1. About the Cα centre of the chain, what is the dipole size in debye to 20, counting +1 per Lys and Arg Cβ and -1 per Asp and Glu Cβ, all else neutral?
2. For the chain, with a Gaussian network of springs between Cα atoms less than 10 Å apart, report the residue from LEU89, LEU50, LEU27 with the top mean-square fluctuation.
3. When only DSSP loop residues count, what trypsin sites (Lys or Arg not before Pro) in segment 148-215 have their Cβ near at most 15 other Cβ atoms within 10 Å?
4. On a 0 to 90° scale, report how tilted helix 152-163 is relative to the longest principal axis of the chain, with both axes built from alpha carbons and the result rounded to the nearest 10.
5. From the backbone phi of segment 195-211, what are the Karplus-calculated ³J(HN,Hα) couplings (6.51 cos²θ - 1.76 cosθ + 1.60, θ = phi - 60°) in whole Hz, Gly and Pro given as x?
6. Per residue of segment 65-81, in order, report the coupling 6.51 cos²θ - 1.76 cosθ + 1.60 (Karplus, θ = phi - 60°) as ³J(HN,Hα) in whole Hz, putting x for Gly and Pro.
7. Name the long-range amide H neighbours of ALA94: under 5 Å, sequence gap of 5 or more, or other chain; modelled H, no Pro or chain starts.
8. Using a cut-off of 13 Å between beta-carbons, work out the net charge of the residues near GLU48 (Lys and Arg +1, Asp and Glu -1, GLU48 not included).
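Values quoted throughout were computed directly from the atomic coordinates according to the rules given, and no laboratory measurement underlies them. Just so it is clear, the structure is predicted and the values come from calculations on it, not from any experiment. Positions of Cβ are generated from backbone atoms using ideal geometry, with glycine treated the same way; all protein chains shown enter the neighbour counts.
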Amino acid sequence: MTVKDLLKALDKIASFGLAEQWDNVGLMLGNPGQSIKGILVALDPTGEVLSEAIEIGADCIITHHPLIFHPLKSIDTGQPLGRFLRRALENNIAVIGCHTNLDQAVGGVNDVLANSLGLQDTRPLVTVENDPEPGSPAGLGRVGRLADPLSGEAFIGYLCDLFKLPVLRVAGKLPEEISTVAVCGGSGSDLAPEAYASGAQVYITGEVKHSTARWAEAVGFCIIDAGHFSTENQVVESLVDVLQNIFAEKDISIPVMSSERQQNPFVYHQPES
């Protein structure tokens, strides 16, 4: 398999045509004709992920967040991005990004998040305008119902266990009982009005703006900020599983692994008693 072959496979999983116009997806670095020996999947293209790829012999990295987002006017190899580019080139490692296309795709970030919560009868919060397959249930965010309603406090405990977080930030009043839930993996603050209009009782996302929290407080809507990393990182294992299944069906013996080193960049400190 070459990098070009892998790009074709990824395009079938989450069409690059689904990406927002402002986004940068696809091949970030590398030669499309390069043969692949191993693939490492991670949320972010960091130096630790690059070191991990080199150590395990993976010569292709797939990340959700793009390595190159804004056009580069210069490459300073003393800075993190420049160091990454230089080292990846020195080790002949290709880098691919699947960002908003994976957010919106069926089976992508938001479906994985909704499924992890056990939501049923899900639908997008915002349907995609540039869908290569009109009529498919692709789009940003998801809203669905829980099989069994939970009390607000029980739901918070459930989320803390799921996301492995000691605390959650909650804006607005927590409902006494929750049955309908909206989600958007990553930075979904701007979709709060759509979540409210969907009939959801709570909205789970990351990076909620102060103004959005105040709005939720004013309209009586509950928004739970579980963080960018926690609401998106589950897609890494899912993408690994999908690629492994595709490779097995085609008798392609290329190892696909998820990063074991990358953790949430935020840690929680409590003062000593």
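1. Rounded to the nearest 20 debye, it is 500 debye.
2. Among LEU89, LEU50, LEU27, the largest mean-square fluctuation in the Gaussian network model of the chain belongs to LEU89.
3. LYS164, LYS173, LYS209
4. Its long axis makes an angle of about 10 degrees.
5. 5, 4, 5, 6, x, 5, 8, 9, 10, 10, 7, x, 6, 6, 6, 4, 5
6. Ordered by residue, 3J(HN,Hα) equals 7, x, 5, 10, 10, 9, x, 8, 8, 7, 10, 9, 6, x, 9, x, 5 Hz.
7. CYS60, ILE61
8. Summing Lys and Arg as +1 and Asp and Glu as -1 gives -1.
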